[in-house]
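Reading through the structure tokens given below for one structure.
We did not get these values from a lab; they are worked out from the coordinates using the rules stated. Since this is a predicted model, take the numbers as computed values, not measurements. Virtual Cβ from ideal backbone geometry, glycine too; neighbours counted across all protein chains shown.
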Amino acid sequence: MTQDLQPVEVTVVDTSTAEWVDFPIPQLGVDLELIPLIDDPDTGMQAMKVVYRAGFINVWHTHPCAHGMYVLEGTLKTHQGTFGPGSFVWFPEGGVMEHGATDDADCVFLFITNKPFGIHYPGKE
């Protein structure tokens, strides 16, 4: 390292010990569980660890942001198929989609947005 360069401070979250927090979705009458990881004040990009409980489906909705889901445990069920651990599924901004967990197991995933998160349910607003 040269004298002109200074190491940056990194953000570290131990998700094995971090506290899960509720994320209410009033349109569906449910609270999802998540662990916040990063919320970039410059871009609005967010990352969080989320769990969909077995049988939960986030019914048809849209987002004003693109987002990706990297499956850690269980199976992510979407309108275009099911995806197991190690799968990364990207949803374009503004697209209509549904996704959730299969009936037999929870789905735990890393959720990443490209800008501030929002969710809209056509016909439920």
Linear extension gain, Val10 paired with Asp103, 0.36 nm per residue minus alpha-carbon span: 29.7 nm
Can you give the local net charge around Ala18? Use residues other than it whose beta-carbon is closer than 15 angstrom to its beta-carbon, Lys and Arg +1, Asp and Glu -1. -4
Here the gain from full extension of Leu34 to Gln3, 0.36 nm per residue of separation minus their alpha-carbon distance, amounts to 7.1 nm
The chain, Gaussian network, Cα under 10 Å: of Glu33, Glu19, Glu98, the residue fluctuating most is Glu19
Quick check: Cα centre of region 88-110 to Cα centre of region 14-38, how many Å? 15 Å
Along its three principal axes, how long is region 32-113 when you only count alpha carbons? Whole Å, largest extent first please. 39, 25, 21
Which aspartates and glutamates does Lys77 reach when only Cα atoms under 17 Å apart count, and residues fewer than 8 places away in its own chain are ignored? Glu98, Asp103, Asp104, Asp106
Counting Lys and Arg as +1 and Asp and Glu as -1 over every other residue whose Cβ sits under 12 Å from the Cβ of Phe56, the net charge comes to -3
